[in-house]
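Notes follow once the structure below has been shown.
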2 protein chains.
Amino acid sequence: MGEFELIRSYFAAAPCAQGGEGVALGIGDDCALLAVPQGEQLAVSTDTLVAGVHFPDPCDPFLLGQRSLAVAVSDLAAMGATPVAFTLALTLPAVTADWLQAYARGLNRMAQACGVALVGGDTTRGPLSLTMTVFGRVPTGQALTRSGAQPGDWLCVGGELGNAAGALPLVLGQREAEPSIAEPLLAHYWSPQPQTGLGLALRGMASAAMDISDGLLADCGHIAVASGVALRIERDRLPLSNALLAFLGRPAAEQAALSGGDDYVLLFTVPSVRLSALQAQGWPIHVIGRAEAGQGVRLVDADGRDITPQIRGYQHFRETP
Amino acid sequence: MGEFELIRSYFAAAPCAQGGEGVALGIGDDCALLAVPQGEQLAVSTDTLVAGVHFPDPCDPFLLGQRSLAVAVSDLAAMGATPVAFTLALTLPAVTADWLQAYARGLNRMAQACGVALVGGDTTRGPLSLTMTVFGRVPTGQALTRSGAQPGDWLCVGGELGNAAGALPLVLGQREAEPSIAEPLLAHYWSPQPQTGLGLALRGMASAAMDISDGLLADCGHIAVASGVALRIERDRLPLSNALLAFLGRPAAEQAALSGGDDYVLLFTVPSVRLSALQAQGWPIHVIGRAEAGQGVRLVDADGRDITPQIRGYQHFRETP
């Protein structure tokens with residue numbers, strides 16, 4: 001048995017590979033088999049993380065295990081899907097038992113938190129990268145898409161923005177900060193919490209939804225295009241954490257919230273008649289603006305003046321904000 | 001729009017990304033949505049191909065497009081699943097329009113041949129590698145697994161063995177051969193034909209099945225372990241092509257058939273009462289041995305003498321047979 005065959009056996013024995021609801025056949029055959037209840041569809045998403053591009057190399061493998069799965073499951077949350085399972089394609093330059101054990105521990109912890117089972121994958125030799133494919137189920141016709149926003153809908157996010165982008169100088173060891181600042185920022189970077197509960201609550205309520213991975217402005221652009229509306233963001237409504245404000249100051253914190261990436265909080269539009277019902281359920285919903293007739297994304301200040309910066313996508317940690 | 005965003009738009013416009021039966025929502029949102037008919041399950045498999053490990057670097061991107069998808073769809077054939085869709089995670093060191101166009105043409109051709117739609121994926125910068133996740137549907141309880149072989153079952157393969165392994169010296173430019181030899185061998189390496197039709201025919205007929213990717217002996221070992229039987233292979237029944245015999249001579253051709261990999265033909269066991277019914281349907285079935293009580297894999301000569309070599313898995317093209 002070769003070393004990569006051994007790794008496969010190792011993952012097959014991991015707690016998160018022991019099946020779950022909806023998994024009819026797990027690791028060990030040519031395919032896994034997923035059962036999809038009548039009246040539901042399967043949501044599928046694939047994400048690749050490359051060392052040195054999407055995460056620092058080297059980095060803590062336990063934290064990487066958590067983050068790599070969380071990033072992928074966040075796409076299920078964005079569709080309003082219930083997480084079911086995932087596959088892991090892991091490419092490694094060499095087999096190191098310590099690295100693998102720590103990675104698998106992080107993966108297991110996030111898998112348990114998200115309720116997903118590892119059902120298959122591949123392990124190959126090469127430069128370090130990970131591709132996760134995640135599976136969720138959603139009642140037919142109820143998936144949240146990017147295309148249903150209507151003029152007049154509220155534009156909302158499911159949590160604070162900019163924390164992960166603000167954490168980058170800490171992640172890269174370029175700056176230091178006291179624990180009360182560093183810990184919450186680093187936690188947001190390394191252990192984003194996919195908002196699957198909020199995603200389920202948004203079914204039948206939100207008119208459009210996605211998760212913020214490329215930065216608020218860029219991702220608002222995706223909803224605006226898909227829905228054929230304009231989106232207006234009020235700068236003073238951006239939810240910013242105390243840690244981010246203390247670390248960067250307000251202007252840079254706002255910039256991190258607008259153009260930083262890796263937030264993995266939900267971005268969605270809600271018809272005004274439904275907003276109070278959602279808020280009454282206690283979800284951490286922040287109204288940051290509104291959908292309007294037209295196209296494009298505008299940022300306005302407290303006086304309604306257009307202060308839209310040039311919109312560009314987040315280029316991961318190679319460009320710190 | 002960044003160059004990788006452009007690539008995503010490019011793949012989204014590809015013919016194979018325009019949906020298909022079972023695809024409720026294709027490329028362009030956080031997830032794709034797959035519809036699974038009542039009474040069926042979804043078969044899922046993930047395969048990674050790394051440049052320099054699983055294919056030569058550089059290589060013809062059109063041929064790589066064909067091969068990368070065929071290798072993954074072969075796992076659906078092995079489960080008796082009807083191919084539906086796939087995702088592509090493509091990691092590229094740089095964006096080259098010529099390379100991408102040729103790759104996409106090869107991918108499209110194989111997608112059309114296999115009846116699968118591209119429903120999502122990711123495109124990232126890094127050392128060249130590809131991860132395909134493929135989806136198929138199969139009636140609940142009818143998937144072919146590795147675990148049902150019984151003593152007395154015939155051991156069969158769905159086509160000639162060793163051609164892809166035999167092609168390696170040609171693929172790597174280490175040897176040359178006249179077209180009548182080189183062309184069929186190279187075709188088998190670069191454009192394996194997933195045996196999805198045979199896989200469907202084996203539902204309810206075969207007791208165990210898989211596709212041969214690691215080499216006949218190694219893959220027989222997987223069925224033997226999963227089913228709790230011994231498998232006996234008769235060397236003189238190995239189906240060898242004229243091109244392979246002419247290129248390598250009989251001893252090396254047999255070695256390629258036994259320990260070479262990348263065949264992507266189905267390996268299966270069939271209760272003796274069902275074999276003639278399958279053969280009557282005209283499938284290219286070669287009986288190569290039999291399942292017996294016990295464990296392990298044995299190779300025997302025409303006189304029934306044990307000539308089992310040391311069994312080892314195929315290490316892709318780094319080790320030519």
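Quick notes
- Using a 7 Å Cα-to-Cβ projection, B:L200 label spacings across copies, nm, ascending: 3.7
- Chain A: DSSP helices with Cα axial extent of at least 18 Å and average Kyte-Doolittle hydropathy no lower than 1.0: A:61-79
- Each peptide in A:94-106, B:169-181 gets a packing score, the mean of other Cβ atoms within 10 Å over its residues, and the list from highest to lowest is A:94-106, B:169-181.
- Summing +1 for each Lys or Arg and -1 for each Asp or Glu among the other residues whose beta-carbon sits under 11 angstrom from that of B:L238 gives -1.
- In range of the label at A:L6: residues from the stretch A:110-140 whose backbone nitrogen is under 19 Å from the point 7 Å along Cα→Cβ: A:122-126
- The protein assembly as shown - convex hull of alpha carbons, volume per residue in Å³: 145 Å³
- Square roots of five times the Cα gyration tensor eigenvalues for the stretch A:3-139, Å: 24, 17, 12
- Cα gyration tensor shape of chain A, rounded if a/c is under 1.5, else prolate or oblate by comparing a/b with b/c: oblate
- Model label sites at B:S191 and B:T140, defined 7 Å from Cα along the beta-carbon direction, differ in position by 4.0 nm.
- Separation between Cα centres of the stretch B:248-292 and the stretch A:32-55, rounded to whole Å: 34 Å
- Taking Cα centre as origin and charging only the Cβ of basic (Lys, Arg, +1) and acidic (Asp, Glu, -1) residues, the dipole magnitude of the protein assembly as shown rounds to 700 debye.
- Estimated from helices alone, the mean residue ellipticity of chain B at 222 nm is -10500 deg cm²/dmol (sum of -39500 (n - 2.57) over DSSP H runs with n ≥ 4, per residue).
- Peptide A:73-86, shielding by other chains (average Cβ, 10 Å cutoff): 2
- Extending 7 Å from the Cα toward the beta-carbon at both A:A246 and A:R274 defines two label points whose distance is 3.8 nm.
- Protection-proxy order for peptides B:225-232, B:264-271, each taking the mean of Cβ atoms within 10 Å per residue, highest first: B:264-271, B:225-232
- For A:S147, the residues whose amide H sits under 5 Å from its own are A:A209, ignoring neighbours fewer than 5 places away on the same chain, with H placed 1.01 Å from N.
- Theoretical gain in end-to-end length, A:S180 to A:Q18 [0.36 nm per residue, Cα-Cα removed]: 54.5 nm
- The stretch A:173-219-the stretch B:193-234 distance, computed between alpha-carbon centres (Å): 45 Å
- Amide H within-cut-off set for A:E40, under 5 Å, with H built and near neighbours excluded: A:T140
- From least to most packed, judged by other beta carbons within 10 angstrom and beginning with the fewest, A:V300, B:V273, B:V73 follow the order B:V273, A:V300, B:V73.
- Counting, for every residue in A:32-41, the Cβ atoms of other protein chains within 10 Å of its Cβ and taking the mean gives 6.
- DSSP-defined beta bridges in the stretch B:3-139 - what % are antiparallel, rounded to 5: 70 percent
- Pairs of Cα atoms nearer than 8 Å and 6+ residues apart set the relative contact order; for chain B it is 22 percent.
- Cβ-defined net charge surrounding A:L144, 12 Å radius [Lys, Arg +1; Asp, Glu -1]: -2
- Distance from the alpha carbon centroid of the stretch A:1-29 to that of the stretch B:121-153 works out to 14 angstrom.
- Averaged over A:117-124, number of beta-carbon atoms from partner chains that fall within 10 Å: 4
- 7 Å along Cα→Cβ, label-point gaps from A:T140 to other copies, nm, shortest first: 1.5
- Working ranking of peptides B:48-61, B:126-139 by packing, defined as the average number of other Cβ atoms within 10 Å per residue, highest first, is B:126-139, B:48-61.
- Teacher prompt: A:G152 distances to equivalent labels in other copies, 7 Å Cα→Cβ, nm: 7.3
- DSSP finds beta bridges in the protein assembly as shown, and of those with both partners inside it, around 75 percent are antiparallel.
- Dipole magnitude (debye, nearest 20) for chain B, charges at Cβ of Lys, Arg, Asp, Glu: 480 debye
- Net charge over other residues, Cβ less than 12 angstrom from the Cβ of B:G22 (K, R count +1; D, E count -1): -1
Throughout, read-outs are computed from the coordinates displayed, never taken from laboratory work. Keep in mind that what you see is a predicted model, and the values were worked out from it rather than measured. A quick note on method: Cβ atoms are made from the backbone with ideal geometry, for glycine too, and the neighbour counts reach across all protein chains shown.
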